[in-house]
1. Once you've got the GNM for the chain with C-alpha springs shorter than 10 Å, pick whichever of PRO114, PRO133, PRO82 has the biggest mean-square fluctuation.
2. For GLN111 and ARG197, what is the calculated FRET efficiency with R₀ set at 30 Å and r taken between the beta-carbons, to the nearest 0.05?
3. Rounded to the nearest 20 Debye, what is the dipole magnitude of the chain about its Cα centre when Lys and Arg each give +1 and Asp and Glu each give -1 at the C-beta?
4. Expressed as an acute angle from 0 to 90° and rounded to the nearest 10, what is the orientation of the C-alpha long axis of helix 224-237 relative to the principal long axis of the chain?
5. Please determine, in degrees from 0 to 90 and to the nearest 10, the orientation of helix 85-110 with respect to the longest principal axis defined by the Cα atoms of the chain, where the helix direction is its Cα long axis.
6. First measure r as the distance between the Cβ atoms of VAL140 and ASP209, then evaluate 1/(1 + (r/R0)^6) with R0 = 41 Å and state the FRET efficiency to the nearest 0.05.
7. So between THR83 and LEU253, what do we pick up on full extension, going 0.36 nm a residue minus the alpha carbon distance?
8. Which net charge results for the neighbourhood of VAL279, defined as the other residues with beta-carbon distances under 14 angstrom from its beta-carbon, given Lys and Arg at +1 and Asp and Glu at -1?
Amino acid sequence: MRIDLHAHSAASDGTDAPAEVVRAAVRAGLDVVALTDHDTTSGWEEAAATARRLGIALVPGMEISCQAGGISVHLLSYLHDPTDEALLAETSRTRDDRVGRARRMVERIAQDHPLTWDDVAGQVTDGATVGRPHIADALVARGVVASRDEAFAGILDSRSPYYVRHYAPGAADAVRLVRAAGGVPVMAHPRAGRRGRVVDDEVIAGLADAGLAGLEVDHRDHLPEERVALRGLARDLGLLVTGASDYHGTGKLNGIGEHTTSPAVLEAIEATATGTRVVRG
Ligand code: AMP
Ligand code: FE
Ligand code: FE
Ligand code: ZN
């Protein structure tokens, strides 16, 4: 059984349509794939229909943008109720604020580079969660940079003068909201420190107290020694350990299925969730 619990579609900042993410998972020989777009579940239906047709299991999920003491935290939610009002209120607020934030970043960037809001809007699939990757795509289209990666290494870096923050709920609140919506909260790439600050172990312990279920340990943004430390932390806090690709289509080097999660951990996630079910083909 090969299980990848973290992938993005064009419903947020991936480059593949949700159906194409599922097809890519099948091509990679996966048995299970989770669709975890940023702050939205709008890709679930299309992905589920394709998964049923192709006979692969789909775990409906989402990656919630949150923060702890101003440090960005990404929280994966699996199998929550997509109609839960309290959770929807937070993700809609984040998605709305992401638009204004992207506009403000474009205003700043436009002082030094040829870029308009229309350029960026043209890179966003209708209704998708807007993010810096869309600004990156517009900069690539304008010939300012050669790739998303180059954009993130400079103009879009969180320490760049063009950077603007967006609204995000507190991570402990988000953990509680996911649980209340019947979902299973797992902290995404807890030690991915190359793109900004990461929270320390005490913050993660606090999230565990709030109901966090697991840590995403096997992820390309973690060094081997970071994975060892995270496994130890998960053991101490009684948390599940997952691994996943964080696939974004052609938007990132991450290949679908490059890291995986054990069947026992998926079983534990499934046994805990009450919001919605794994879609089986
Ligand atoms: P935002 O949520 O709008 O602040 O943008 C962050 C998103 O940008 C993350 O979800 C990543 O998927 C993406 N990202 C970060 N660094 C890179 C990179 N070097 N290349 C491509 N995408 C990236
Ligand atoms: Fe992303
Ligand atoms: Fe993330
Ligand atoms: Zn992600």
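1. Of PRO114, PRO133, PRO82, the Gaussian network model singles out PRO114 as fluctuating most.
2. Numbers: r = 26 Å, r/R0 = 0.88.
So, using R0 = 30 Å, E works out to roughly 0.70.
3. On the way: 30 positive and 40 negative charges, 50 e Å.
Magnitude of the dipole: close to 240 debye.
4. It is inclined by approximately 50 degrees.
5. Once rounded, one gets 30 degrees.
6. Values: r = 43 Å, r/R0 = 1.04.
Plugging the Cβ-Cβ distance into 1/(1 + (r/R0)^6) gives 0.45.
7. On the way: separation 170, 0.36 × 170 = 61.20 nm, distance 3.29 nm.
Length gained between THR83 and LEU253: 57.9 nm.
8. 0
Values in this text are rule-based calculations from the coordinates and carry no lab data. None of these values were measured; they are calculated from a predicted model. A quick note on method: Cβ atoms are made from the backbone with ideal geometry, for glycine too, and the neighbour counts reach across all protein chains shown.
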